[in-house]
Structures are given as structure tokens and as C-alpha cells.
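The values are calculated or read from the model by the stated rules, or taken from the named source; none is laboratory data. Just so we're clear, the structure is a prediction, and the values are computed from it rather than from any experiment. Cβ coordinates were reconstructed from backbone atoms using ideal geometry, including for glycine residues, and neighbour counts include every protein chain displayed.
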Amino acid sequence: MSVPSARRVMVPVALAVLGLGLAAAPAAQGYQAEQALAGRAVFEQRCQGCHGGNLDDGRAPALAGPATNITRFETAQGLFDYLSVRMPANDRGSLTVNDAWAVTAYILSANGIEADGEVLSSITNAKEIPLTTGAPTDLTAPVEEQPMDEAADQEP
């Protein structure tokens, strides 16, 4: 085997071997449901007057639903950064850090991003959560565990 052909074989093999231990960690998924519930309370007091009770039925831009443009912030961190400095519009920058994170979690839930039990913050996962839109997450629905046989017998 000539040197150039040996390189063609060895380089891909070496990359494959090195790649075995470098599997990507799963992307962060969300926030704590309790954090989003707290965010809903803050939203109702501080944001609902402009954005509406459904986050998309006020005079200010929609924060959920088909008309939302929150994806422009790219990540949960980007949304938090905006909220913490620019909102509420009538008292900019007045949200506490915890309230801004809670409202961010609430907006994530309203856009179908699931809670994963991890506190949403700059330190944990906010930079890793891409902003997407989808059906709202029901934060109040109890999670019912069923035995495996019952769950398998139910129609989808």
C-alpha cells in the first residue's frame, strides 16, 4: 500500500475511533414547571395588559401562537436578555432576575417547549434551548403513570 492510499484509509478510521467517545450530549429541553407557573403569575401582573391573557391577544407583539416572532431571539437566553432589559415597556428593566427567568419559562411553555425539571438560567441551560413555537404545554395537567400493559392497550 502506498503512502497516499494508506492515509486515505487511516484518516477516516482514526476519525471514526476518536468519534466513538465524543457523542454529543442531548440538547437542553426546558425549565421547571414551577418556574413557568411563577412566570405565569408575573406575566398576569406585569405583562398581560399589553400582550393579552393568551400571550397573543393584546396590543403588543404576540409571545405565543402562529403570529409570534420570538424565534428572533434564537435561544431562551436571548429572550431573557431582552425581557430583563426592555420589559415591561412602561417600566423597562424593572423585572427582578428571578421574575425575568420565570416569565421566560412561561413563554417557553406557551410555545410547546417541555419542562425538564432543570431550573432555567444562564448558568444551567438557557443558551442551549432554541426558541421554537408549537402547541402550549399544560403546566397544570397531572402526569398519570400507568402500568406498561395498560398503556400499550390504549389507542393512540
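Remarks
- Scanning the stretch 101-120 for residues that are in a loop (DSSP other than H, G, I, E, B) and either of a type in the set (Asp, Glu) or crowded, with 19+ Cβ neighbours inside 10 Å (or both) gives ASN111, ILE113, GLU114, ALA115, ASP116, GLU118, LEU120.
- Residue check, GLN35 surrounded by 14 or more Cβ atoms within 10 Å (Cβ to Cβ), without any contact (Cβ under 8 Å) to a residue 60 or more places away in the chain, within 20 Å of ILE129 (Cβ to Cβ) and among the polar types (S, T, N, Q): no
- The set of residues in the stretch 47-69 that are among the charged types (D, E, K, R) and crowded, with 16+ Cβ neighbours inside 10 Å contains only ASP56.
- Of ARG40, ARG72, ARG86, all but one fail to be among the basic types (Lys, Arg), crowded, with 17+ Cβ neighbours inside 10 Å and either under 15 Å from the mean Cα position of the chain (by Cα) or modelled with pLDDT of 95 or more (or both); the exception is ARG40.
- In the stretch 61-87, the residues that are closer than 13 Å to SER121 by Cα form Cβ pairs under 6 Å with partners that are at pLDDT 95 or above and of a type in the set (Val, Ile, Thr), at six or more places apart or across chains, as follows: ALA76/THR104; LEU79/THR104; PHE80/THR104.
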